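*Asks:* I'd like to ask you about the structure that follows.
The values are calculated or read from the model by the stated rules, or taken from the named source; none is laboratory data. Values in this document were obtained by computation on a predicted structure and should not be read as measured data. A quick note on method: Cβ atoms are made from the backbone with ideal geometry, for glycine too, and the neighbour counts reach across all protein chains shown. Quick note on the areas: whole protein, heavy atoms, side chains included, nothing else; ligands and nucleic acids left out. Shrake-Rupley method; radii C 1.70, N 1.55, O 1.52, S 1.80 Å.
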Amino acid sequence: MNAPNPFNPSFGKVPPVFIDREQAVQTLTEGLADRNSPWQTTMICGVRGVGKTAVLAEICRRLEEDPGWIVADIPSNGDVMQTLVQSVHEKANSDLRKAIDAIEGVSISILGIGIEYSREKGSVNYQILLEKILVELRKRKLSLLIAIDEAGASREMKQFASVYQIMLRKNYPLSLVMTGLPRNISELQNDHTLTFLLRSARIDLPMLDPVSVQFSYQKVFADGGKTILQDCLRRMTELTNGYSYAFQLLGYLVWNTGAGEITGEVVDSVLYPYKEQLFRNAYSRIYEDLSGVDREFVLAMARAGEKTIAMKSITERMKKVPNYVSTYKRRLMEAGVVRADSYGYVSFALPLFDEYVREFRM
């Protein structure tokens, strides 16, 4: 029987082969345990497919094993406050759940929160309800982690963040870890009512280290009873360029060939599905997220047809002044699409992104 595939290119799951992210997970997990650490409110940023959701999932998994924590893993869309209260109620043990159910005028069930919060007619005041729940948590020396994936500056998120700030000010035992695209996190942080988020900790997930990628491929295939030639290791490492999703996807496809020896021909055989899935599942959305001028910059880079492109060449192709073009260079670097190789030169941070742009966007 063939060994199960150890690679997992699915979005949002912690893959069995989870490299170069342990330090971020450990730092954040330990920081959350210290009520005075700057990690109590943390933003995890990065381009799509860099592993933000997997890091958040692993942090949640570890804290869920700690009896001193309740983890509320909630979506950023919909009624964030209502979902948060329901999640805490669902995760609570029987003693805490009875205390929450005893809050005057509130009925919580799997169908949602019913009745009104007070004796007067009206809607539930989730801020007051959450505070009463946090009082019960503090009595029991429990901490609450609120985990939100793909946060953005929606009206519901802004309302939640305002309430969260109040609960922090009152020193309740709660922490917040959010993931998001750099642009969305910056928009949320720079909202005039939420500037306290600018003081939160921020982890910008980098690309995987090429040495880690090559060593991991070598070890995983060897552990699976497969041999892989050194030149194939180098080629696979170059094809992923440190992009987490690409690392998982290429490994998954190569493993699924069933080959006992990974040769150049084996790698060649998966190049088409590798590009097709990489372009469809990641790059199409990444490109759509770019602004019009961001796209002009990317198109100018792709038209140059070189691995490393001079900023002077991009400026000439865009027919703009250098300072204007440099602004978008910084934006694209923050978004994880472009990187600076040396003074005055840039390259694509994502593997084969130039090929995607030339084939589908020109």
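*Asks:* Looking at segment 1-105, what helices (runs of 4 or more DSSP H) fall wholly within it and have at least 2 residues that are within 25 Å of ASP209 (Cα to Cα) and out of contact with any helix residue (DSSP H, G or I) (no Cβ under 8 Å at 6 or more places or on another chain)?
*Replies:* Where helices (runs of 4 or more DSSP H) fall fully within segment 1-105 and carry at least 2 residues being within 25 Å of ASP209 (Cα to Cα) and out of contact with any helix residue (DSSP H, G or I) (no Cβ under 8 Å at 6 or more places or on another chain), they are 22-33, 52-64.
*Asks:* Still on this structure: Within segment 331-362, can you find the residues that are under 16 Å from SER313 (Cβ atoms) and in a strand (DSSP E or B)?
*Replies:* If the condition is that a residue be under 16 Å from SER313 (Cβ atoms) and in a strand (DSSP E or B), then VAL338, ALA340, ASP341, SER342, TYR345, VAL346, SER347, PHE348 are the ones that fit.
*Asks:* Only one of these is open to solvent by less than 20 Å² (accessible area, probe 1.4 Å) and either modelled with pLDDT of 90 or more or not aliphatic (A, V, I, L, M) (or both): LEU63, LEU96. Name it.
*Replies:* Within the list LEU63, LEU96, the selection yields LEU63.
*Asks:* Here is a further query. Which of the residues belonging to segment 259-283 are open to solvent by 40 Å² or more (accessible area, probe 1.4 Å) and either closer than 14 Å to PHE348 by Cβ or of a type in the set (S, T, N, Q) (or both)?
*Replies:* Once the filter is applied, which keeps residues that are open to solvent by 40 Å² or more (accessible area, probe 1.4 Å) and either closer than 14 Å to PHE348 by Cβ or of a type in the set (S, T, N, Q) (or both), segment 259-283 yields SER269, GLN277, ASN281.
*Asks:* So which pairs qualify, if the first residue must be in segment 155-174 and touching a residue at least 40 places away in the same chain (Cβ under 8 Å), the second must be surrounded by fewer than 16 Cβ atoms within 10 Å (Cβ to Cβ) and among the aliphatic types (A, V, I, L, M), the Cβ gap must be under 9 Å, and the two must be at least 6 apart or on different chains?
*Replies:* TYR172/VAL135; LEU174/LEU168
*Asks:* Another one. Which of (1) in contact (Cβ under 8 Å) with a residue 60 or more places away in the chain; (2) over 20 Å from GLY242 (Cα atoms) does THR53 not meet, given it meets every other one?
*Replies:* Of (1) in contact (Cβ under 8 Å) with a residue 60 or more places away in the chain; (2) over 20 Å from GLY242 (Cα atoms), only one is false for THR53: (2).
*Asks:* Out of ALA33, ALA24, ALA57, which single residue is aliphatic (A, V, I, L, M) and surrounded by fewer than 17 Cβ atoms within 10 Å (Cβ to Cβ)?
*Replies:* One residue alone meets the criteria, ALA33.
*Asks:* What's the number of the only condition in (1) open to solvent by 20 Å² or more (accessible area, probe 1.4 Å); (2) part of a helix (DSSP H, G or I); (3) out of contact with any helix residue (DSSP H, G or I) (no Cβ under 6 Å at 6 or more places or on another chain) that TYR287 fails to meet?
*Replies:* (1)
*Asks:* Could I ask something else about it? Between a residue in segment 213-226 that is touching a residue at least 40 places away in the same chain (Cβ under 8 Å) and any residue that is open to solvent by 60 Å² or more (accessible area, probe 1.4 Å) and part of a loop (DSSP other than H, G, I, E, B), which pairs come within a Cβ distance under 9 Å, given they are 6 or more apart or on different chains?
*Replies:* Sorted first by the residue in segment 213-226, then by its partner, the pairs are VAL213/ASP20; SER216/ASP20; VAL220/PRO16; GLY224/ASN2.
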